[in-house]
Amino acid sequence: MICNEKFYIMSNTYNNQAKLFWNANVKYEKFVCELCGGIHCTYESPHPVIFYGKRIVDIYFDISGFIISPAVVELLKENNITGYILEDVEPLEWKDGKGHDTGHDGSSYKLLKVKGRCGFLCDSAGNIIDKCEKCDRHNSDILDSLKDGLAFKADDYDGSDIFQFNNWTWLPIVNEKVKKLIKKHKLKGFKFEELKDYVGCDAF
Ligand SMILES: [Zn+2]
């Protein structure tokens, strides 16, 4: 049976705001599946990041996950939100659009690593989307051509407030409680899209 509560895919907006730059110093281990050719990367911590832009927000997309501001960290902790761990980031620089140092300090920002899980990626009817038998990588062609959104089985959900599909660890999923907290505190740069309405990633 699929879980029928409201859940949201959490990501970031791409307005005229500060961003992170890809940094060649990022260290990672790469595993290539011999059956499907899928590439799986594990990134080392602390994660070196380069902030770019003056309009500060509370969530930034990074290759290894989302980087959140001290305000978000505090909110999650104060409200006993479950399903994640935090890792340090190593802010290398924070420059404006002209390449000048902004003086912002990114050292108290954290990498949000999602640990909660809800089973394998399912379509809106609760059917597991075709995946590799060896590494569980989902068929991205199917994900990109969805018309009716995503769902997960209630039995496979561990009940965390923040979680991800076992085989789609790209974007975090949150419950209504997390979304309401972030909206109530007017934290900037967040985007929420209901899981059942998700029909492909339009942010990139
Ligand atoms: Zn595979």
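Summing Lys, Arg as +1 and Asp, Glu as -1, what charge do residues with Cβ under 13 Å from the Cβ of residue 20 carry, residue 20 excluded?
-1
At a 10 angstrom cut-off on C-beta neighbours, averaged per residue, how do the peptides 41-53, 108-120 rank from highest to lowest? Before the final figure, lay out each step's value.
Working: 41-53: 16.4, 108-120: 19.5.
Highest-to-lowest ranking by the protection proxy: 108-120, 41-53.
Assuming a viscosity of 1.567 mPa s and a temperature of 4 °C, what translational diffusion coefficient in µm² per second does Stokes-Einstein assign to region 7-197, Rh being the Kirkwood radius over Cα pairs?
D, rounded to a whole number, is 73 µm²/s.
Sorted from fewest to most neighbouring beta carbons within 10 Å, what does the list 100, 40 look like?
Lowest to highest Cβ neighbour count: 100, 40.
Where in region 60-93 is the amide nitrogen less than 18 Å from a point lying 7 Å along the Cα-to-Cβ axis of residue 26?
Within reach of a label on residue 26, which here means backbone N under 18 Å from a point 7 Å along Cα→Cβ, region 60-93 contributes 60-69, 86-93.
Counting DSSP beta bridges in the chain, what percent are antiparallel, to the nearest 5?
If we restrict to bridges inside the chain, about 80 percent are antiparallel.
Strictly over 32 Å apart at the Cα level, which of 30/177; 77/134; 131/184; 153/184; 95/177 would you flag in this model?
30/177; 77/134; 131/184; 95/177
Around residue 2, which amide H atoms from residues at least 5 apart in sequence, or from another chain, sit under 5 Å from its own amide H, with H modelled in the peptide plane?
Result for residue 2 returns 154.
Hey, what number do you get for the chain at 222 nm if only DSSP H runs of n ≥ 4 count, each worth -39500 (n - 2.57), divided across all residues, to the nearest 500?
One gets -3000 deg cm²/dmol as the mean residue ellipticity at 222 nm.
Quick check on the exposure proxy: order 3, 33 from fewest to most C-beta atoms within 10 angstrom.
Numbers: 3 18, 33 15.
In order of increasing Cβ crowding within 10 Å: 33, 3.
Could you check the simple spin-label distance between residue 145 and residue 36, using points 7 Å along Cα→Cβ, in nm with one decimal?
About 1.6 nm, to one decimal.
Could you tell me which GluC sites (Glu not before Pro) in region 115-204 are loop residues by DSSP with no more than 12 other beta carbons within 10 angstrom of their beta carbon? Kindly include the intermediate steps, with their values, before the conclusion.
On the way: sites: 133, 176, 193, 194; in loops: 133.
Answer in residue order: 133.
Taken together, the values in this text are just the output of simple stated rules run on the coordinates, not laboratory data. Computed from a predicted model, the values in this text were never measured in an experiment. Because the Cβ atoms are built from the backbone with ideal geometry, glycine has one as well, and the counts that use them run over all protein chains shown.
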